[in-house]
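To start, the structure itself, in structure tokens.
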Amino acid sequence: MPFVSIVMPVYNEVPGPGDDSLSVRIHALIELLRQGDELLLVDGGSTDHSWATLQLLAVHPQVTAIQSGKGRAQQMNSGAAQARGEVLLFLHADTVLNSEAWSALLTKLNECLWGRFDVRIEGKSAWLPVVAWFMNRRSRLSKIGTGDQALFVSRALFNRVGGFPDQSLMEDIELCKRLKRVAPRQFLAISSQVFTSGRRWDLNGAWATILLMWRFRFLYWRGVSAETLAKLYADTRQKSPLTVAVFAKYPYPGRVKTRLAPLLGAEQCAAFARYLLLSTLDKLQGMNVVLWTDGGSDQQWAELLRGRAVQRCVQPEGHLGKRMQTAVETHLKRSELVVLLGPDAIEFTQADLHELQRAARQCGLAFVPAHDGGYVALACNRNVPEIFSASIAWGTASVAEQTRAALQQHHLSAVWLPSQLDIDEPADLDRAIELGCLPVDWPVRYQATE
């Protein structure tokens, strides 16, 4: 029986060391391989932890990690060039090949030269099963598959048609058109399903994504070049996986942490606000962080940040909800997921950040509530205006309760993780030290003269 080389293009699939669902999928895939089969993981210039993760996975003797230029066509051609198997299976990083689909392919290896699987799209929208049904039905009739359906082809035929075309979009459609011209009778549509992520539909809306995809297919059919279409296509993979927006006031004495003034005094309150902000930014080191500031000049912020690689935006006028919504709308243009975080979330760690990301990717919206009735962090993959409403009493102990009520009223779901401490009252200081999340020597950790 022919050996199979699975080629997987990877780009920004591992936002952080603790948020590595890719490795879980890869280990499950390795379990399917027979002796002689192989898996080639091709990184396309990821800016997150993907390449480091692929190198660790490549310690397995049947796994090879490769670097190439960005773009699925280029990545998959690079993998195919190093593959040793007689059959090439191109599997997207967000598509899962289970044992049933794999077994179905193995039983057909001697009967076909190329083909694809049926696909099931996993996500929140009720339209996704309908989308998948039409994709599978259309593909079966047209003999045109998509990358989400896990295309497979014999090495000889792949080389005969010249591999994937060197284009940044519709490379899967063009490959199938070439294969259909030279080997129409050898097409195989395997009814066993592979599972692919519905994040494009969940993020941009099911109908909006369907219409966009059909528009591009129509334009491509009419002869519009893939390069032109690529400039129009706002694919989620071209976005950064995560942006963390940190909200902070400039630490002027008498303007920050004023409820601590009876204990610390105005100057020490400002020093504490400075400590909270800088320690938060240092905890987020290596992340894509944007600081949304209130007050302070450019020079003052530059001196305070001391060269930290943090982009800065100025908070707009209006209530806190409006300011947060502005940040979400701004960052979702370039990021798949946005986390809003306050610097006084003293208990919040990178592990909490990864858990919050996972929850938001599954549900679309996730919160870390505060013990005092607010919330210390919010993550979302779409704008939800209801949670930023002016009707919420911002800055009070009822913010989380009113947010939950707004979600329930509009039949929206969210994940609420365990509550954490933020520091507003004198008693919170002692509690933070007891928990070990605030060092007793905090006043000298970030002195103004550093």
So the carbon and sulfur contribution to the accessible area of region 27-169, 1.4 Å probe, in percent, is 53 percent
How much area per residue is accessible in the chain when the probe is 1.4 Å and only protein heavy atoms are counted (Å²)? 45 Å²
For region 425-430, 3J(HN,Hα) per residue [Karplus equation, 6.51 cos²θ - 1.76 cosθ + 1.60, θ = phi - 60°, Hz, x = Gly/Pro]: 10, x, 5, 5, 4, 4
Can you compute 3J(HN,Hα) from phi for each residue in region 311-322, using the Karplus curve 6.51 cos²θ - 1.76 cosθ + 1.60 with θ = phi - 60°, rounded to whole Hz and x for Gly and Pro? 6, 10, 10, 8, 5, x, 6, x, 5, 4, x, 5
Taking square-rooted eigenvalues a ≥ b ≥ c of the alpha carbon gyration tensor, is region 397-450 rounded, prolate or oblate, where a/c under 1.5 means rounded and, failing that, a/b exceeding b/c means prolate? prolate
For a quick check of your reading of the filter: which GluC sites (Glu not before Pro) in region 279-367 sit in a DSSP loop and have no more than 11 other Cβ atoms within 10 Å? Glu317
Assuming R0 = 25 Å, what is the FRET efficiency of Arg431 and Ser398, from their Cβ-Cβ distance, to the nearest 0.05? 0.70
Hand me the GluC sites (Glu not before Pro) from region 78-130 located in a DSSP loop with no more than 10 other Cβ atoms within 10 Å, in residue order please. Glu111
Region 39-66 to region 295-364: how many Å between their Cα centroids? 30 Å
Accessible surface of region 288-447 [probe 1.4 Å, protein heavy atoms]: carbon and sulfur percent: 49 percent
Assuming a ≥ b ≥ c are the square roots of the Cα gyration tensor eigenvalues, decide whether region 1-143 counts as rounded (a/c under 1.5), prolate (otherwise, with a/b larger than b/c) or oblate. oblate
Diffusion constant of the chain at 4 °C, which comes from Stokes-Einstein with the Kirkwood Cα-pair radius and 1.567 mPa s, µm²/s: 53 µm²/s
Quick one: how many Å² of Phe388 are accessible to a 1.4 Å probe, rounded to 10? 10 Å²
Kindly give Rg over Rh for region 322-450, based on alpha-carbon atoms, with the Kirkwood expression for the hydrodynamic radius. 1.00
In order over region 324-340: 3J(HN,Hα) from phi, Karplus 6.51/-1.76/1.60, θ = phi - 60°, whole Hz, x for each Gly or Pro, gives 5, 4, 4, 5, 4, 4, 5, 7, 5, 5, 10, 10, 6, 9, 10, 10, 9
Quick note, region 97-195: a/c under 1.5 would make it rounded; otherwise a/b > b/c is prolate and the rest oblate (a ≥ b ≥ c, C-alpha gyration tensor); here it is oblate
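The values are calculated or read from the model by the stated rules, or taken from the named source; none is laboratory data. All figures in this text were calculated on a predicted structure; none of them were measured in a lab. Positions of Cβ are backbone-derived with ideal geometry, glycine not excepted, and every protein chain shown enters the neighbour counts. Just the protein is used for accessible areas: all its heavy atoms, side chains included, with ligands, DNA and RNA removed. Shrake-Rupley method; radii C 1.70, N 1.55, O 1.52, S 1.80 Å.
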